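Student: One structure is given below, represented as structure tokens, and several questions about it will come after.
The values are calculated or read from the model by the stated rules, or taken from the named source; none is laboratory data. Small disclaimer: the values here were computed from a predicted structure and weren't measured. FYI the Cβ positions are ideal-geometry reconstructions off the backbone, even for glycines, and counts take in every protein chain you see. Note: areas computed on protein heavy atoms with side chains; ligands, DNA, RNA excluded. Shrake-Rupley method; radii C 1.70, N 1.55, O 1.52, S 1.80 Å.
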Amino acid sequence: MVSASWDGLNYSHRQLQSKEPNVATSTSLIMQASFCVLPSRELLVVTSQKGIQMYESDGSIMVYWHALDLPETPTTQAVFARGISAVWDNYICVGVSSGSILVFDIPSKGSNITLSEVLEEHKDSITDMASECSGSQECIADMVSADDVGSMCVWKAGEEFHLLNKISGFDMTCSSVKLWKGTVAAGYGTGQIRLYEAVTGILHVEINAHARWINSLDIAPFSGLLLSAAEDSLVRVWHMSLTPETNSVEVAHLHNECVTDTQICGARFCDDDGFAFAVTGYDLSEIIRYTQT
């Protein structure tokens, strides 16, 4: 866990020892970690092959543990949780390898977290999920989820979640997905990025962005910058512009960085304007931070 000043000159970090309750040492592989920001609190959510852990944002206290259902007999199907999204005022959604999405109701404080709903629309393992990041109240869709065969589901949140649209896949994994101003940005194992209108599923833009598997997309909601990172060692920055009058989306390539001999596995903007971003790679013990000059 790293905290950095705005200019990146000062930073501090601490290590979180993640382990399941009543287990002396953890042997399960961590799949994903994400800070989930709700209006009343912020939680750190960690998913693994055994379950879902929720911590206070500083990592000091684990407030909730949800164990995954493991098969009684060994199977070839891996079991894991992957895909994390904070939705609305009080929900955190987490995807699992069966294709289900677990919806947790989060109180404003304390550990009385409950599993309120299970969404069963996907038939393949969830790869990623994202909520509307623009903050606009005019957007109909609240969340998008993606799976291993490239299918995406667009959801409206509430006391019950409702499926608004299902965007068919291309039998190629949709590895990362974001939702901004009603537009879905999806990254694929082919190295392509596609931009869809969330509610209708209309394809606006298709970009041959990378030569290898895209592992991460991120959006800076205030500026419309789109970050893509892939196993071709490249991180690219794009700018998205929406024209509601003509219902069109345009994308321009602005910048790229090459992390030599590194298969990049994660990349995120460090702020909502996209002033800085950070990346890391497989077998890389460092987090590399880039800042606009």
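Student: Are any of the residues in segment 282-291 touching a residue at least 12 places away in the same chain (Cβ under 8 Å), within 23 Å of Gly150 (Cα to Cα) and either among the hydrophobic types (A, V, I, L, M, F, W, C) or open to solvent by less than 20 Å² (accessible area, probe 1.4 Å) (or both)?
Tutor: Checked segment 282-291: no residue is touching a residue at least 12 places away in the same chain (Cβ under 8 Å), within 23 Å of Gly150 (Cα to Cα) and either among the hydrophobic types (A, V, I, L, M, F, W, C) or open to solvent by less than 20 Å² (accessible area, probe 1.4 Å) (or both).
Student: In segment 251-291, which residues are under 19 Å from the mean Cα position of the chain (by Cα), within 16 Å of Phe222 (Cβ to Cβ) and among the aromatic types (Phe, Trp, Tyr)?
Tutor: Phe269, Phe277
Student: Could I ask something else about it? When you go through Ser100, Ser125, Ser60, Ser134 one by one, which is the residue that is open to solvent by 20 Å² or more (accessible area, probe 1.4 Å), of a type in the set (Gly, Ala, Ser) and more than 25 Å from Leu16 (Cα to Cα)? Before you say what the answer is, go through the steps one by one.
Tutor: Numbers: Ser100 fails: open to solvent by 20 Å² or more (accessible area, probe 1.4 Å); Ser125 fails: open to solvent by 20 Å² or more (accessible area, probe 1.4 Å); Ser60 fails: more than 25 Å from Leu16 (Cα to Cα).
Unique residue meeting the criteria: Ser134.
Student: Please find, within segment 244-277, the residue that is farthest from Cys133 (Cα to Cα) out of those that are of a type in the set (Ser, Thr, Tyr) and open to solvent by less than 50 Å² (accessible area, probe 1.4 Å).
Tutor: In this case the residue turns out to be Thr262.
Student: Examine segment 172-181 for a residue that is in contact with a Gly (Cβ under 9 Å, 6 or more places away or on another chain), on the phi < 0 side of the Ramachandran plot and either among the charged types (D, E, K, R) or free of Cβ contacts under 8 Å to residues at least 40 places away in the same chain (or both), and state whether such a residue exists. First the steps, then the outcome.
Tutor: If we filter segment 172-181 for residues that are in contact with a Gly (Cβ under 9 Å, 6 or more places away or on another chain), which is where we start, we get 172-178, 180-181.
Filter once more, so that each one left must be on the phi < 0 side of the Ramachandran plot: 172-178, 180.
Within this subset, residues satisfying the condition of being either among the charged types (D, E, K, R) or free of Cβ contacts under 8 Å to residues at least 40 places away in the same chain (or both) are 172, 178.
Yes.
Per-residue answers, yes or no, for (1) without any contact (Cβ under 8 Å) to a residue 24 or more places away in the chain; (2) assigned to a loop (DSSP other than H, G, I, E, B); (3) not hydrophobic (A, V, I, L, M, F, W, C):
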site: His210; (1), (2), (3): no, yes, yes
site: Arg236; (1), (2), (3): no, no, yes
site: Ser241; (1), (2), (3): yes, no, yes
site: Glu250; (1), (2), (3): no, no, yes
site: Asn256; (1), (2), (3): yes, no, yes
site: Val279; (1), (2), (3): no, no, no
